[in-house]
1. Would the stretch A:300-321 turn up any residue that is within 14 Å of chain B (Cβ to nearest Cβ), buried (at least 24 other Cβ atoms within 10 Å of the Cβ) and farther than 25 Å from residue A:135 by Cβ?
2. Which one of B:56, B:42 is within 14 Å of another protein chain (Cβ to nearest Cβ) and over 15 Å from residue B:164 (Cβ atoms)?
3. Tell me which residues, restricted to the stretch B:201-215, are at pLDDT below 95 and not in a helix (DSSP H, G or I).
4. Please go through (1) among the basic types (Lys, Arg); (2) touching a residue at least 60 places away in the same chain (Cβ under 8 Å); (3) away from every other protein chain (no Cβ under 14 Å) for residue B:79 and return the number of the only condition it doesn't satisfy.
5. Suppose we filter the stretch B:113-130 for residues that are of a type outside the set (Gly, Ala, Ser), touching a residue at least 12 places away in the same chain (Cβ under 8 Å) and over 19 Å from residue B:141 (Cα atoms); how many remain?
6. Only one of (1) without any contact (Cβ under 8 Å) to a residue 12 or more places away in the chain; (2) more than 14 Å from every other protein chain (Cβ to nearest Cβ); (3) crowded, with 24+ Cβ neighbours inside 10 Å fails for residue A:247. Which number is that?
7. I'd like the residue in the stretch A:214-266 that is under 27 Å from residue A:165 (Cβ atoms) and among the hydroxyl-bearing types (Ser, Thr, Tyr) and, out of all such residues, is nearest to the chain's Cα centre (by Cα).
8. Mind listing whichever residues of the stretch B:130-141 are more than 14 Å from chain A (Cβ to nearest Cβ) and either farther than 23 Å from residue A:239 by Cα or in a helix (DSSP H, G or I) (or both)?
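The values are calculated or read from the model by the stated rules, or taken from the named source; none is laboratory data. Here the structure is a predicted model, which means the values were calculated and not measured. A quick note on method: Cβ atoms are made from the backbone with ideal geometry, for glycine too, and the neighbour counts reach across all protein chains shown.
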Amino acid sequence: MIFLRRVSSVVLPRGPAISVRPALIRSLALTGVVLSVVCALCLGRYPLSPLRVFGVFGHLLHLSAGVDPLAQAVVMQARLPRILAALLVGSALSCGGATYQAVFRNPLVSPDLLGVLSGAAFGAALAIVSGGSAFVVQMGAFGGGLLAVGCGLLISRTLPGGGILALLLGGLIGNAIFTALLSLVKYLADPMDQLPAIVNWLLGSLAPSGWRELAWMSGPLLALTTALVVCAPVLDVLSLGDDEARSLGISVRVMRPALIVLATLACAMTISMAGIIGWIGLLVPHVARLLVGAEHRNMMPVTALLGAGGLVLADTCARSLTTGEVPLGIVTQLFGALAFVLVLRRLRGGMA
Amino acid sequence: MTLLSCRNLGFRQPRQPGSVLEGIDLSLREGELVGLLGLNGAGKSTLLRLLMGFLAPSTGEVFLEGRPLRAWPASAIARHLAYVPQSHVATFPYTVRRMVELGRVPHSGLTGRLSTQDRRAVSGALGRMGLERFADRPVTELSGGERQRVVLARAIAQDARGLLLDEPMTGLDYGYQMRLMALLAELAREGRLVMLTSHRPEELYAHASRVLVLDHGRIEADGPPQDVVTAQRMSALYGVPLMQMDHAGNRFFHQERNEK
């Protein structure tokens, strides 16, 4: 019994640790995002002073006449597109994770629950093996992710009982199928060049993100994230359970699949843009809950901001900690897991 | 006026023999306090969930204000009927106040700000369930009985014309069991339909205006408590020999003992 209580006290995060108004936290988080972007623009293998960075933007806006060609190349060609990609991917993954956690009424769920990751990995690996271009690999990942979730949902429809349990089981089976298929593709891949390419892709990185990717990814990704933030109040009701949500006038049969589809699309797009970036979707919602409490209508905007800023910082670490580049997926996994320990300790301490 | 009714209502689990409920005909009026008695597994909760529209009936139909329930949009049903489940599982640490405010969702929508009327309903419901001093605490930190009071307060804040409660006494301390029955009677006197499932015939005798007995998936008795809650019927229903004792408008049961 004591054990059970302990476990539940870990799983159930506590209310706001510091009672500050959500609006204040939101503006603080926004400031944090801006600061992290400035840091990311300055730091890297070729460090730039903030003054030179501002000079580049000043020139762009025709405020200053002098040109700093080196700084301009670093900022405009290398860093800025990557930072914008990190902002988009970070917020989409975090909001997707928070939505999954609420829909499945489980704070330990991450966006890969229904198999979007294994499906995307399979799709990308298949595209790499068949010699597709970077664009084909991106499309393969996106399509594979949706295919896997679609399979999981279809399987769950055939299971008796329905509800969350059937969804979980369907996702589990879909996940297993696509993990097996991924292994098959890896096994058949050419070990000299294709297999390393697959492994490298699976580690996740924002390095390939340029203006071209941003041009067609940013619109949909921004729209999906905005939709998830706007829909957040529905999650407050939906997370009460099916009967209670229905008794408050929410159509569970419509809202739950709709939110799953939105969150899955968002995650599939991030994967096709940056590969597999773990832990952001699980960790960031918890941090947001610690700051502003569990109400989704308050925590979702903060989740989006923290995810955006957090991934920008993580990506800055990934490209400037060593002389080479550490894949971003490794950085988020490592720091995410360690940060989760701190979050859980904070939750436990609060239960005393 | 009849708020909620059903005709030839039946329910069977898919891929399982036999039906849970069969041929239920009911007409529930505003102002009634209806108690539903039955053994464990008799189908009491199923009947409530059918009446709320959570389950689709296998046969027959439920009517809200004379119109088939499936023709009503979910949000309109929520303005007419509130529901209190047997137990509430709290996953996220919403504050007590937020939980009760969710009862206003059918009226004010999800994103809309709370009107003065919403605020009044919320603070009234918090007060009726003695939750003012818990208002800013997370529901996950409350005991089972306190959480039950939060869900009751939410249903009261919903301000619906019908209130369906599934064993609302579960986990409440003795004082709140007493207060809750009195409160439900008061809500019925205000002109609402209140229907609850219960395992306490004595309480239904004291407060209900109508008692139903559900046995083997059918309504076995339906009438005023004086006629339905009798030692003979309760003995037959629960399979325990009972004696009854009437005192000051109350009826008490005790087990028949073979004393020398």
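1. Here is the first cut: in the stretch A:300-321, the ones within 14 Å of chain B (Cβ to nearest Cβ) are A:300-301, A:303.
Restricting the remaining residues to those that are buried (at least 24 other Cβ atoms within 10 Å of the Cβ) gives A:300, A:303.
Right, trim to farther than 25 Å from residue A:135 by Cβ and you get A:300, A:303.
Checked the stretch A:300-321: at least one residue is within 14 Å of chain B (Cβ to nearest Cβ), buried (at least 24 other Cβ atoms within 10 Å of the Cβ) and farther than 25 Å from residue A:135 by Cβ.
2. Values: B:42 fails: within 14 Å of another protein chain (Cβ to nearest Cβ).
Step by step, each of B:56, B:42 is checked, and only B:56 is within 14 Å of another protein chain (Cβ to nearest Cβ) and over 15 Å from residue B:164 (Cβ atoms).
3. Hit for the stretch B:201-215 is B:215, nothing else.
4. Residue B:79 satisfies every listed condition except (3).
5. Within the stretch B:113-130, the subset of a type outside the set (Gly, Ala, Ser) is B:113-114, B:116-120, B:122, B:126, B:128-129.
Keeping just the survivors that are touching a residue at least 12 places away in the same chain (Cβ under 8 Å) gives B:114, B:118, B:122, B:126, B:128-129.
Cutting the leftovers down to over 19 Å from residue B:141 (Cα atoms) gives us B:114, B:118, B:122, B:128.
Residues in the stretch B:113-130 being of a type outside the set (Gly, Ala, Ser), touching a residue at least 12 places away in the same chain (Cβ under 8 Å) and over 19 Å from residue B:141 (Cα atoms): 4 in total.
6. (2)
7. A:264
8. Looking only at the stretch B:130-141, we keep the residues that are more than 14 Å from chain A (Cβ to nearest Cβ), and these are B:130-133.
Listed by number, the residues that qualify are B:130, B:132, B:133.
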